[in-house]
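Following: one structure in structure tokens, then a few remarks.
The values are calculated or read from the model by the stated rules, or taken from the named source; none is laboratory data. As the structure is a prediction and not an experimental result, all values here were calculated from the model. Glycine also receives a Cβ, built like all others from the backbone with ideal geometry; neighbour counts cover every protein chain displayed. With ligands, DNA and RNA removed, areas are computed over all heavy atoms of the protein, side chains included. Shrake-Rupley method; radii C 1.70, N 1.55, O 1.52, S 1.80 Å.
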Amino acid sequence: MGIKNILERNPIIPAVKDNITLEKALNSNSELVFIILSNIMNIKDYTDKLKKVNKKVYIHVDMIDGLNGTNNGVDYIVNTVKPDGILTTKSNVVAHAYKNNINVIQRFFILDSLSYKKALLNIKENKVVAVEIMPGLMPKIIKKLSQETHIPIITGGLIKEKEDVINAINAGALSVSTTETKLWED
């Protein structure tokens, strides 16, 4: 089953950043969870707990305190922690993941037209299962990127209200990731 199907069934992706959001994600209806903030001491425990309740887990490898987002760091996470995939902002990590058959969602911060063009180029060159663009409050950019790449689009960052989710989905995103726990069950 591909990521696109999972994203279509799960328009809201819990984004775990601590023990409180972990507990809420464990009890959410979402099949997919992003661990966006963790450390070398808790990442395996977080992942094991989520997998025990049949969640698909993607780990933001750039944001693990005590571990750097290098090829060795990625290999450690994949071989020891065993997530379903990784999130990263780094193109060199994407290349390493692709060579090693690791599912990867690449995150892009689109702040201006130059960063948009760079993101578009990277998306077309890299082999990723989906992309996440940030901040998530950019329906016009979501629509344009979705039309130009034909790859699943996730958006995140600053998503605080149901209206933000609806606007992102209507613009072409398949899902949004958010730490706003009140949205996880809507």
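Treating the beta-carbon of each Lys and Arg as +1 and of each Asp and Glu as -1, no other charges, what is the dipole magnitude of the chain about its Cα centre, to the nearest 20 debye? Present the calculation step by step, with values, prior to reporting the outcome.
Values: 24 positive and 20 negative charges, 88 e Å.
Charge dipole, the chain, about its Cα centre: 420 debye, nearest 20.
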Computed over the chain, the convex hull of the Cα set has an average projected area, in nm², of 9.5 nm²
If you take every residue apart from residue 72 with its C-beta less than 15 Å away from the C-beta of residue 72, what net charge results, scoring Lys and Arg +1 and Asp and Glu -1? 0
Treat each spin label as a single point 7 Å out from the Cα along the C-beta direction, and report the residue 90 to residue 54 distance in nm. 3.5 nm
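For 134, 41, 63, what's the largest-to-smallest order of accessible area, 1.4 Å probe? Please list the in-between numbers first.
Values: 134 20, 41 165, 63 85 Å².
The ranking, largest first, comes out as 41, 63, 134.
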Please calculate the 1.4 Å probe accessible area of residue 62, with all protein chains present, and give it to the nearest 10 Å². 40 Å²
A 1.4 Å probe over the protein heavy atoms gives the range 128-174 a carbon and sulfur accessible-area percentage of 56 percent
Give me Rg/Rg_expected for the range 93-165, where Rg uses Cα atoms only and Rg_expected = 2.2 N^0.38 Å with N residues. 1.11
